[in-house]
């Protein structure tokens, strides 16, 4: 399940499904750090949306940790592995 909001280092990020991201920007999702918004292309299948959410979430984690310059290939590789670990081990923390 993809949340509507996620908090990263005390910063709230809203999560939105948006039409046409793939066509307009040739990407599956995007993040706006200043507005605190993660956008996922609404046309994606559920598993691809989840994987893309983890990818954008990892960007937020790196940004809030002070990494303004991010290597897209590294984020992509780590997020793919992290998605698999979270999903296949059914991680859920909190209440």
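Could you check the chain for strands (runs of 3 or more DSSP E) lying wholly inside it with 2 or more residues that are in contact with a strand residue (DSSP E or B) (Cβ under 9 Å, 6 or more places away or on another chain) and either buried (at least 16 other Cβ atoms within 10 Å of the Cβ) or at pLDDT below 95 (or both)? Even if it seems obvious, please write down each step before you answer.
Numbers: elements: 5-8, 11-18, 29-32, 37-41.
Where strands (runs of 3 or more DSSP E) fall fully within the chain and carry at least 2 residues being in contact with a strand residue (DSSP E or B) (Cβ under 9 Å, 6 or more places away or on another chain) and either buried (at least 16 other Cβ atoms within 10 Å of the Cβ) or at pLDDT below 95 (or both), they are 11-18, 29-32, 37-41.
Cβ-Cβ under 7 Å, sequence separation 6+ or interchain: first residue in region 4-16 and in contact (Cβ under 8 Å) with a residue 60 or more places away in the chain, partner surrounded by 14 or more Cβ atoms within 10 Å (Cβ to Cβ). Which pairs?
Here the result reads none, with nothing in region 4-16 linked to a residue that is surrounded by 14 or more Cβ atoms within 10 Å (Cβ to Cβ).
The values are calculated or read from the model by the stated rules, or taken from the named source; none is laboratory data. The structure displayed is predicted, hence computed values, not measured ones. Note that each Cβ is placed from the backbone with ideal geometry, even for glycine, and that neighbours are counted across all protein chains shown.
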